[in-house]
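What follows is a single structure, written as structure tokens, with notes after it.
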Amino acid sequence: EKGGYPHFMLKEIYEQPQAIRDTFRGRMREHKGIIKMAGVDDHIDKFLNAKRLVILACGTSWHAGLVAEYIIEELVRVPVEVEYASEFRYRNPVIEKDDVVIAISQSGETADTMAAMKLAKEHGAFVFGVCNVVGSSISREAHAGAYTHAGPEIGVASTKAFTTQITVLTLLGLKIAKAKGKISTSDFHMHLEELRLIPEKVEEALKNNEHVRKIAEVYKDASNCLYLGRGFNFPVALEGALKLKEISYIHAEGYPAAEMKHGPIALIDEQMPVVVIATRRGHYDKIVSNIQEIKSRKGKIIAIVTKGDVTVKELADHVIEVPEVMDSMSPLLTTIPLQLLSYHIAVMLGKNVDQPRNLAKSVTVE
Ligand code: F6R
């Protein structure tokens, strides 16, 4: 059932090229210049009239929501707020009739996300679900939605659900931007073309598996780890840290890289591995100076870079390359080595990768 892989998590990491393809296939109609999503088409006025979007989710799905905030704000130019469902539901949230709420949940059964979306509905919001499990409670409770087509995710640590959620939310952003006339036809096509190439680029990123395993070997005994990213890759830093925590039980924190100097930099010494997402398009110069700051405090730098990078390569202790891609889609690639890194560390430490202690695949109680 693990298809020859030692763990479901590794199998699911490797399924990502296909899962992403399955998620956009049938929706991207490049020749017609459209994206087909019935749940959006049927309620297009809601999306066109929305003064803001509110995203509700927990855990990894919340991280996908953060990536979507950056993508949708950039494309659609409406404010997007991303809320922890557990916080939203208990604070008498400000929700208005014209708000569109997006609930993201792999399982579609997360109790807090479910309760938060019900609350939003009571306030008159239109609720759109992004779920992986067909027929799940959240998908049924939503007014409309779009499924991720990741296939069953068995490993407790979410992997392919995350990248397919980002894929669906990218399609959604592009579709609304097009409907609102916020994107030119040529830009729209350029985005679709880039998205179409993502599965093969993920494939290429996966080829670094052995290289990542060797890096894992070096840092498996670390007791802390920092993850830094900026822009579209700030949420990827959070997700990388969560993956390491949950399966290897190594304490890890993700930060927007520039926040480092407001506190976390105090943690950096020669014992501290710092994973930095430093792809070429995303605030590259700023990230390079963040890397210099870490280096001068003797932190160990593992950098995720764009293929062919030179500058960061000279500064970092290790680099892991990902293919060139437009900035907004880079999370789909930069996530891959971070998943592999935590996987290998957890395996080397003898942890139960697919069923980490204290965790359940779907959190149906609050
Ligand atoms: C992390 C993880 C959890 C889930 C969270 C939400 O790897 O799996 O953080 O992402 O419990 O679950 P869903 O998406 O099913 O609502």
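The values are calculated or read from the model by the stated rules, or taken from the named source; none is laboratory data. Values in this document were obtained by computation on a predicted structure and should not be read as measured data. As a convention, Cβ positions derive from the backbone with ideal geometry for all residues, glycine included, and neighbour counts pool all protein chains shown.
Any chance you could count how many residues in region 99-124 are of a type outside the set (D, E, K, R), under 18 Å from Glu69 (Cα atoms) and away from the ligand (no atom under 13 Å from the Cβ)?
Looking only at that region, the number is 2.
From the list Asn224, Asn233, exactly one residue is among the polar types (S, T, N, Q), in contact with a strand residue (DSSP E or B) (Cβ under 8 Å, 6 or more places away or on another chain), surrounded by fewer than 23 Cβ atoms within 10 Å (Cβ to Cβ) and modelled with pLDDT of 95 or more. Which is it? Give the steps one after another, and end with the answer.
Working: Asn233 fails: surrounded by fewer than 23 Cβ atoms within 10 Å (Cβ to Cβ).
Going through Asn224, Asn233 in turn, the sole match is Asn224.
Tally up the residues in region 322-366 that are within 23 Å of Ala57 (Cβ to Cβ), modelled with pLDDT under 95 and of a type outside the set (Gly, Ala, Ser), please.
Count: 10.
So how many residues does region 320-361 have that are within 16 Å of the ligand (Cβ to nearest atom) and more than 18 Å from the chain's Cα centre (by Cα)?
Number of matching residues: 12.
Of everything in region 299-313, what is closer than 15 Å to Leu333 by Cα and hydrophobic (A, V, I, L, M, F, W, C)? Give them in sequence order.
Once the filter is applied, which keeps residues that are closer than 15 Å to Leu333 by Cα and hydrophobic (A, V, I, L, M, F, W, C), region 299-313 yields Ala303, Ile304, Val305.
Looking at region 227-245, can you tell me whether even one residue there is β-branched (Val, Ile, Thr) and over 17 Å from the mean Cα position of the chain (by Cα)?
Checking region 227-245: not a single residue is β-branched (Val, Ile, Thr) and over 17 Å from the mean Cα position of the chain (by Cα).
Checking Arg196 against (1) within 27 Å of Val80 (Cα to Cα); (2) part of a helix (DSSP H, G or I); (3) out of contact with any strand residue (DSSP E or B) (no Cβ under 8 Å at 6 or more places or on another chain); (4) of a type outside the set (Ser, Thr, Tyr), which test does it fail?
Condition (3) is where Arg196 drops out.
When you scan region 1-35, how many residues do you find that are touching a Lys or Arg at 6+ places or on another chain (Cβ under 7 Å), over 13 Å from Tyr147 (Cα atoms), outside any strand (DSSP E or B) and of a type in the set (Lys, Arg)?
Summing the residues that are touching a Lys or Arg at 6+ places or on another chain (Cβ under 7 Å), over 13 Å from Tyr147 (Cα atoms), outside any strand (DSSP E or B) and of a type in the set (Lys, Arg) in region 1-35 gives 2.
Which numbered condition in (1) away from the ligand (no atom under 14 Å from the Cβ); (2) within 30 Å of Ala205 (Cα to Cα); (3) among the β-branched types (Val, Ile, Thr); (4) surrounded by 24 or more Cβ atoms within 10 Å (Cβ to Cβ) is the only one that Ile34 fails?
(4)
Against the conditions (1) touching a Leu at 6+ places or on another chain (Cβ under 7 Å); (2) aliphatic (A, V, I, L, M); (3) within 16 Å of the ligand (Cβ to nearest atom), where does Ile247 fall short? Just the number, please.
Tallying (1) touching a Leu at 6+ places or on another chain (Cβ under 7 Å); (2) aliphatic (A, V, I, L, M); (3) within 16 Å of the ligand (Cβ to nearest atom), Ile247 fails exactly one: (1).
What residue, of Tyr343, Tyr255, is touching a helix residue (DSSP H, G or I) at 6+ places or on another chain (Cβ under 6 Å) and under 24 Å from Phe8 (Cβ atoms)?
Tyr343
Given (1) farther than 26 Å from Lys11 by Cβ; (2) more than 9 Å from the ligand (Cβ to nearest atom); (3) crowded, with 22+ Cβ neighbours inside 10 Å, identify the lone condition not met by Asn92.
Failed condition: (3).
Would you mind stating whether Gly181 is under 30 Å from Asp41 (Cβ atoms), without any contact (Cβ under 8 Å) to a residue 40 or more places away in the chain and not charged (D, E, K, R)? Lay out the reasoning, then the answer.
Details: under 30 Å from Asp41 (Cβ atoms): yes; without any contact (Cβ under 8 Å) to a residue 40 or more places away in the chain: yes; not charged (D, E, K, R): yes.
So Gly181 passes the test.
Among the residues of region 131-147 satisfying the criterion of being within 9 Å of the ligand (Cβ to nearest atom) and under 25 Å from Val78 (Cβ atoms), which is surrounded by the most Cβ atoms within 10 Å (Cβ to Cβ)?
Restricting attention to region 131-147, the residues satisfying the condition of being within 9 Å of the ligand (Cβ to nearest atom) are 131-133, 136, 138.
Remaining after also requiring under 25 Å from Val78 (Cβ atoms): 131, 138.
Details: Cys131: 29, Ile138: 25.
The qualifying residue surrounded by the most Cβ atoms within 10 Å (Cβ to Cβ) is Cys131.
Out of Glu83, Glu87, I need the residue that is on the phi < 0 side of the Ramachandran plot, part of a helix (DSSP H, G or I) and of a type in the set (D, E, K, R). Which one?
Numbers: Glu83 fails: part of a helix (DSSP H, G or I).
One residue alone meets the criteria, Glu87.
Out of the residues in region 153-169 that are within 24 Å of Leu341 (Cβ to Cβ) and β-branched (Val, Ile, Thr), which is farthest from the ligand (Cβ to nearest atom)?
Among residues in region 153-169 that are within 24 Å of Leu341 (Cβ to Cβ) and β-branched (Val, Ile, Thr), the one farthest from the ligand (Cβ to nearest atom) is Thr167.
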